[in-house]
1. Suppose we filter the stretch 42-63 for residues that are in contact with a strand residue (DSSP E or B) (Cβ under 7 Å, 6 or more places away or on another chain) and either hydrophobic (A, V, I, L, M, F, W, C) or in a strand (DSSP E or B) (or both); how many remain?
2. Scan Asp273, Asp258, Asp302 and give me the residue that is under 24 Å from the mean Cα position of the chain (by Cα) and free of Cβ contacts under 8 Å to residues at least 12 places away in the same chain.
3. Report yes if Gly28 is in contact with a strand residue (DSSP E or B) (Cβ under 7 Å, 6 or more places away or on another chain) and farther than 19 Å from Glu166 by Cβ, otherwise no.
4. Examine the stretch 273-280 for a residue that is of a type in the set (Gly, Ala, Ser) and touching a strand residue (DSSP E or B) at 6+ places or on another chain (Cβ under 9 Å), and state whether such a residue exists.
5. I'd like to verify a number: residues in the stretch 283-299 that are crowded, with 18+ Cβ neighbours inside 10 Å and not aliphatic (A, V, I, L, M), how many?
6. Where in the stretch 271-338 are the strands (runs of 3 or more DSSP E), entirely inside, with at least 2 residues that are aliphatic (A, V, I, L, M) and closer than 20 Å to Glu185 by Cα?
7. Go through the stretch 239-255 and give me each residue that's crowded, with 24+ Cβ neighbours inside 10 Å and in a loop (DSSP other than H, G, I, E, B).
8. Could you figure out which of (1) touching an Asp or Glu at 6+ places or on another chain (Cβ under 9 Å); (2) closer than 23 Å to Val213 by Cβ; (3) among the charged types (D, E, K, R) isn't true of Asp153?
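The values are calculated or read from the model by the stated rules, or taken from the named source; none is laboratory data. Predicted model only: the values in this text are computed from it and were never measured. Neighbour counts are summed over all protein chains in view; Cβ atoms, including those assigned to glycine, are modelled from backbone coordinates with ideal geometry.
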Amino acid sequence: MKLQSGYAFTLLLLLAGCGGGSGSSDSGTTQLSLAISDAPVDSVQQVCIAVSRINLNSVTGWGPLALLRTTNSDGCLPDGYAIPTDTSGNPTFFYLDLLKYQNGVKHALLSDVIIPSGTYEQLRLQIEDGRTSYLTQTTGTDATFPASYVKDDSDNILPLEVPSSEVKLHSFTAPVNGVLDYQVEFNLRHAMVLPGHGNYYKLKPNGVELLDVDVLSTISGSVATTDTNCGATALANGDVGVYLYNSTVTDYQGVDYDSSNNGPVLTAMVSDDNADDVYTYQLNYVEAGSYKLALVCNASADELTEAGNSSSFTPTVVEPPKEVQVDPTVTITMTENF
């Protein structure tokens, strides 16, 4: 994927429930686990987010010391700099490089924590905005090295804008004596944009979702090098992608469009990872539902814009797309070949 005007990402969880806001509270507790993952994206080397807190509601939350942190800051802390500390000398955030958590790999943020049962209105993950939050300078030369940043393929470091320094995720219900296993999925191809000024990347929250791990499936397969598909040249050039659309879509749009406006739910580029002329794709973390699986021959030209729902890109779709039904009761791996 080529990153263009308007692409960004972020993560945060705030739940306004359990006796606060409009959430309802039940007598009892629930066991909660939360992880983070990312859908594959190209054209950048690192996407480093500075995670400062997860909030469950106005009372309950977890700071950097309570969350499960990464090893060696995921390689995001450059030489000559330190993570800022609070008045007690504790770090104000920890680092995650989202590109390390792709293709089924994830990082646990919370593991089997106990929360009050009830309905929570929102879950928020706080991430430092790279335009206004900086690392502590030790021997480095840049006094404004951004806390959250993107390192592109040319080794340029650009701040990552996180609007309001958080991402708000949807509501959920924690049942009495329940066990919840959720995952925050950063789909960077749908969420991170480089505005026209080119000064920083921006995170668009509609590309970040809270998913129930117990009912997520995988769709993978291969693509034949035939002219009835996209052809050998398009495959060899990395132009081809597989797009998952809602089953009701008839007017196919690209990644700039929300799924409610005929855009794809998920996308994956087709690649020959083993250099053996076998072209494959994989769509991870597919929620239960009815879909159309489309082979898109010009996917490499599909780009997110800052405005959203306005791109002039028209997918070249190989007809007919495959009809796919993902079972809502079991986690499965489906094989769909083109």
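1. Residues that pass the stated criteria total 15.
2. The match here is Asp273.
3. The answer is yes for Gly28.
4. no
5. Qualifying residue count, the stretch 283-299: 5.
6. 279-287
7. Val240, Gly254, Val255
8. (2)
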